[in-house]
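The values are calculated or read from the model by the stated rules, or taken from the named source; none is laboratory data. Since this is a predicted model, take the numbers as computed values, not measurements. A quick note on method: Cβ atoms are made from the backbone with ideal geometry, for glycine too, and the neighbour counts reach across all protein chains shown. What goes into the accessible areas is simple: the full protein's heavy atoms, side chains included, and nothing from ligands, DNA or RNA. Shrake-Rupley method; radii C 1.70, N 1.55, O 1.52, S 1.80 Å.
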Amino acid sequence: MLQKSTLTSTKTIYIIRHGQTDFNQMGIVQGSGVDTDLNNTGIKQAEAFFSRFNHIPFQKIYVSSLKRTHQTVAPFNSLNIPIEILPELNEINWGILEGKIQDEDTKKLFFNQLKRWREGFLNEAVEGGETPTEMQDRQKVGLNKIEAENLSPVLICMHGRAMRGFLCLLTNTPLQEMDIFPHNNVCLYVLEKPVGSYHYNIITQNSQEHLDTIIP
């Protein structure tokens, strides 16, 4: 994929989810309160993404404050691209569900909360957690910081649920519809915003072609 847009035509954002962690593999909820490392597969995924996209002239890379995003973009350190930590990109906080091996009760709580969000109850959260509205409010602050720098193209590395909310924000999609955006570890979304537009268009969705050669 070649980067064709310019500041006079479009702004382009590449967004990836962080690489696989052991908790991902085990089905354990991480959230913003669990700061896990990439596992061996996650490291290979990060390297594969770099190998495929290191030719893109990223002006800057933005990551959350959680180290799994830092580790995912670490191969780009060799290119001396500026990297900025934005806590506003952190994963949603899952409260009492974070870091726990799921049993029938926790699974029921988790999936019931997702159902409530899809029904529009966006000011609800599991005990001790963050609501989607709160998550997107902080994401708006982060997006304002990114857009104020007027750079293109840029790379963002973030988290699954947070990515869904952020994509809603970028594309002006109602937040309760965030589950329409699929994601996998180190999947890629590419979005472009034409000059004069307030919102972005999705050019590439949940692409994983760069991971085809990885053997877990």
Among residues of the range 14-33, those that are open to solvent by 20 Å² or more (accessible area, probe 1.4 Å) and either over 26 Å from I56 (Cα atoms) or of a type in the set (V, I, T) (or both), counted: 8
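Here's the yes/no breakdown for (1) assigned to a helix (DSSP H, G or I); (2) of a type in the set (A, V, I, L, M):
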position	(1), (2)
Q30	no, no
V34	no, yes
T41	yes, no
I56	no, yes
K100	no, no
V141	yes, yes
Some residue of the range 108-121 being over 16 Å from I16 (Cα atoms), acidic (D, E) and in a loop (DSSP other than H, G, I, E, B): yes
Number of the condition not met by L151 [criteria: (1) touching a Phe, Trp or Tyr at 6+ places or on another chain (Cβ under 7 Å); (2) outside any helix (DSSP H, G or I)]: (1)
Residue check, V154 open to solvent by less than 20 Å² (accessible area, probe 1.4 Å) and modelled with pLDDT of 95 or more: yes
Some residue of the range 174-183 being of a type in the set (S, T, N, Q) and under 18 Å from the mean Cα position of the chain (by Cα): yes
Residue that is surrounded by the most Cβ atoms within 10 Å (Cβ to Cβ) [pool: residues in the range 73-98 that are among the polar types (S, T, N, Q) and farther than 23 Å from F53 by Cα]: N90
Complete set of residues in the range 169-198 that are open to solvent by 70 Å² or more (accessible area, probe 1.4 Å) and touching a Lys or Arg at 6+ places or on another chain (Cβ under 9 Å): Q176, E177, I180, V195
Count - residues of the range 199-216 that are within 17 Å of N24 (Cβ to Cβ), open to solvent by 30 Å² or more (accessible area, probe 1.4 Å) and in contact with a helix residue (DSSP H, G or I) (Cβ under 7 Å, 6 or more places away or on another chain): 2
Condition broken by S65, with the remaining ones in (1) surrounded by 16 or more Cβ atoms within 10 Å (Cβ to Cβ); (2) touching a helix residue (DSSP H, G or I) at 6+ places or on another chain (Cβ under 7 Å); (3) part of a loop (DSSP other than H, G, I, E, B) satisfied: (1)
Selection count, the range 114-151, where residues are over 15 Å from I15 (Cβ atoms), open to solvent by less than 20 Å² (accessible area, probe 1.4 Å) and of a type in the set (A, V, I, L, M): 3
